[in-house]
């Protein structure tokens, strides 16, 4: 039921064939000797009010994708539409005013807060930049924001080092909320926190969404947490999305061989379950994004790759309702049944 | 019944810093039986790594100091034997694998040379024998083109390969006990699964005894026979792995398990139950239970006396005054 309701919802963000390549510059003459294809042709939609999880292993391009959507990296190619407006066509000043609507929460609550600023200044900064408030009004807004993220407003004059990791991440959340955005990219917001603190921050993000109706892009490598917090999930491998769909559907019925291996590798805190589980162990490592394999990205480690996988790149196809997979082998299997 | 291989009694480690004394490990005792895998879990700063470094006598002194305790291994107290003898134990009979293979490998020495060093020191091999054995070891831990990889420098290997090389090095001295300190924390899940599979295979093949230290309760579920849970430098729960997950009895263990989402069951729309508050300050020594400020079950007695481990079932001990099955809970203000 939830899914059908979501389906009718408006598209907030539409990403079309987005690419972000970073040049590799070598030698005395600083020549460009190659490209790191961090994000290499990605298309998907994010619906109003949902939480889309973006998962994948380190180096798969998930953080770069999050930042490129927000135009914090200039895309190499492709388009990002926010409420139907093309962000890549906008001027700097247009983009700046759009940024009120789209914010980011960073992974590391230690390096993403300026140690010389009080938390009042940190949280007020976006409000000052966008001339949203000043003076007494500004101070009051900061207090409201602090309360909203579960911090004592009396702490406003303290510096970041006086707070624990979990509290700092709350400060990061307050700063992201300051301009009342509709879209928030949460880039591994809990990875740096202790297990007992992670649940606190996740609950906070969920409560804020219920209250304020944010749309989240939740970037994470923790597949268990993604299942808990997200409505839909996109799985990345080497700069591309290999599978996307509603979270229960994707976790219960994974199609792409990479996702199957990834899910089987996630440990479950229950010895009885662990005894029964079959692990699919992938051979080898992820290839370098500077030199991706020809054909399907995953063909170097894939247990079911065949000729076509070494010649062509598969596109995402909706092989099961609300569940898209980019894999020729799965496609063929579906065609046979 | 397997024989006791290692017996730790009242191990206590402190660090003397400018801000005061940090009570990192506060009198922990347990025994390790031959061939078993024991999991030591807890969050950062709970003393799980310091406990391992202490029993290996790898604590920097000063500022660290092992103020009390005994570590019996084959009739000797490792904390009292001469340092030369301890050097033979380390890397020989007891080997250790660390979290970050990049900082624990020497960056200017080839992987082969580093493994050969262990073999020459602890297995008494000459250059040629060591070279041969190093190649075998790399093969054993599943490094492709093992012989060629002997000439690689650590930076030329991926994170997973480096951790394999570390394990090969640890195996060099034919250890009885392997201490693995968060060996997969820096790795991706698919690589983590490779390493865990490797360690299980080696364990069954060589019959190694393992102390595996981690913050991840998920990993241990498929790996350990017995579990130790640490909080603020204390052992707060000791149980068989099956018992610990099915029947967690210390409020902290219970809290940890309840705050974990699971990938295998759909539990959306069900709130996680976090542990309120923040990790303990090890500089202070509260009179009562260190978990008191975060505990939903605490009673008056918890503020007065710090509970010691007591048996609540077969091989199941907790350091807690209350019974979580019957006790009333109350709100905790963070």
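The values are calculated or read from the model by the stated rules, or taken from the named source; none is laboratory data. The shown structure was predicted, so the numbers you read here are calculated from the model rather than taken from an experiment. When we count neighbours, we look across all protein chains shown, and the Cβ atoms used for this are built from the backbone with ideal geometry, even at glycine.
For region B:295-317, the count of residues that are touching a residue at least 12 places away in the same chain (Cβ under 8 Å) and within 14 Å of chain A (Cβ to nearest Cβ) is at least one. Considering only region A:197-220, I want to know if a residue exists there that is surrounded by fewer than 21 Cβ atoms within 10 Å (Cβ to Cβ), assigned to a loop (DSSP other than H, G, I, E, B) and at negative phi. Scanning region A:197-220, I find no residue that is surrounded by fewer than 21 Cβ atoms within 10 Å (Cβ to Cβ), assigned to a loop (DSSP other than H, G, I, E, B) and at negative phi, so the answer is no. Taking each residue of region A:215-228 that is modelled with pLDDT under 90 and looking for partners that are crowded, with 24+ Cβ neighbours inside 10 Å and not in a strand (DSSP E or B) with beta-carbon atoms closer than 6 Å, six or more apart or interchain, yields nothing.
The residues of region A:256-272 that are touching a strand residue (DSSP E or B) at 6+ places or on another chain (Cβ under 6 Å) and at the interface with chain B (Cβ under 9 Å from one of its Cβ atoms) amount to a single one, A:258.
Among the residues of region A:66-82, those that are surrounded by 15 or more Cβ atoms within 10 Å (Cβ to Cβ) and farther than 16 Å from residue A:188 by Cα comprise A:71, A:73, A:75, A:76, A:78, A:79, A:80, A:81, A:82. Of the candidates B:302, B:320, B:289, the single residue that is in a helix (DSSP H, G or I), under 21 Å from residue B:28 (Cβ atoms) and more than 22 Å from the chain's Cα centre (by Cα) is B:302. Of note, residue B:282 does not satisfy the criterion of being within 14 Å of chain A (Cβ to nearest Cβ), farther than 24 Å from residue B:233 by Cβ, assigned to a loop (DSSP other than H, G, I, E, B) and in contact (Cβ under 8 Å) with a residue 12 or more places away in the chain.
For region B:66-77, a tally of residues being under 21 Å from residue B:234 (Cα atoms) and out of contact with any helix residue (DSSP H, G or I) (no Cβ under 6 Å at 6 or more places or on another chain) returns 5. Residues in region A:323-336: is at least one assigned to a loop (DSSP other than H, G, I, E, B) and farther than 22 Å from residue A:282 by Cβ? No, region A:323-336 contains no residue that is assigned to a loop (DSSP other than H, G, I, E, B) and farther than 22 Å from residue A:282 by Cβ.
The residue that is farthest from residue B:191 (Cα to Cα), counting only those in region A:221-235 that are within 14 Å of another protein chain (Cβ to nearest Cβ) and in a strand (DSSP E or B), is A:232. It is to be established whether one or more residues within region A:274-289 are buried (at least 23 other Cβ atoms within 10 Å of the Cβ), touching a residue at least 24 places away in the same chain (Cβ under 8 Å) and more than 10 Å from every other protein chain (Cβ to nearest Cβ). Within region A:274-289, none of the residues are buried (at least 23 other Cβ atoms within 10 Å of the Cβ), touching a residue at least 24 places away in the same chain (Cβ under 8 Å) and more than 10 Å from every other protein chain (Cβ to nearest Cβ). Taking region A:1-98 as the region of interest, the helices (runs of 4 or more DSSP H) fully inside it that hold 1 or more residues being within 24 Å of residue A:210 (Cα to Cα) and free of Cβ contacts under 8 Å to residues at least 40 places away in the same chain are A:2-8, A:92-98. What about residue B:263, is it on the phi < 0 side of the Ramachandran plot, in contact with a helix residue (DSSP H, G or I) (Cβ under 8 Å, 6 or more places away or on another chain) and outside the structural domain of residue B:74 (by TED's automatic domain parsing)? Here the answer is yes, as residue B:263 does meet what is asked.
Remark: pairs (first residue in region B:247-261, more than 7 Å from chain A (Cβ to nearest Cβ); second residue in a helix (DSSP H, G or I); Cβ separation under 6 Å; 6+ apart in sequence or on different chains) = B:248/B:254; B:248/B:257. Where strands (runs of 3 or more DSSP E) fall entirely within region B:1-59, those with at least 2 residues that are out of contact with any helix residue (DSSP H, G or I) (no Cβ under 8 Å at 6 or more places or on another chain) and more than 26 Å from residue A:197 (Cβ to Cβ) are at B:4-17, B:20-33. Among the residues of region A:236-255, just one is within 12 Å of chain B (Cβ to nearest Cβ) and within 16 Å of residue A:63 (Cβ to Cβ), namely A:237. A Cβ distance below 6 Å, combined with a sequence gap of six or more or placement on separate chains, defines the contacts here; from region B:203-221, residues that are within 7 Å of another protein chain (Cβ to nearest Cβ) reach residues that are assigned to a strand (DSSP E or B) in the pairs B:217/B:41. Annotation: residue B:186 fulfils all but one of (1) in contact with a helix residue (DSSP H, G or I) (Cβ under 8 Å, 6 or more places away or on another chain); (2) surrounded by fewer than 20 Cβ atoms within 10 Å (Cβ to Cβ); (3) free of Cβ contacts under 8 Å to residues at least 60 places away in the same chain; the unmet one is (3).
Filter region B:82-105 for residues that are surrounded by 14 or more Cβ atoms within 10 Å (Cβ to Cβ), free of Cβ contacts under 8 Å to residues at least 60 places away in the same chain and touching a strand residue (DSSP E or B) at 6+ places or on another chain (Cβ under 9 Å); which is nearest to residue B:18 (Cα to Cα)? Looking at residues that are surrounded by 14 or more Cβ atoms within 10 Å (Cβ to Cβ), free of Cβ contacts under 8 Å to residues at least 60 places away in the same chain and touching a strand residue (DSSP E or B) at 6+ places or on another chain (Cβ under 9 Å), I get B:90. If you take the residues in region A:109-168 that are within 14 Å of another protein chain (Cβ to nearest Cβ) and outside any helix (DSSP H, G or I), which one is surrounded by the most Cβ atoms within 10 Å (Cβ to Cβ)? Filtering first and then ranking leaves A:109.
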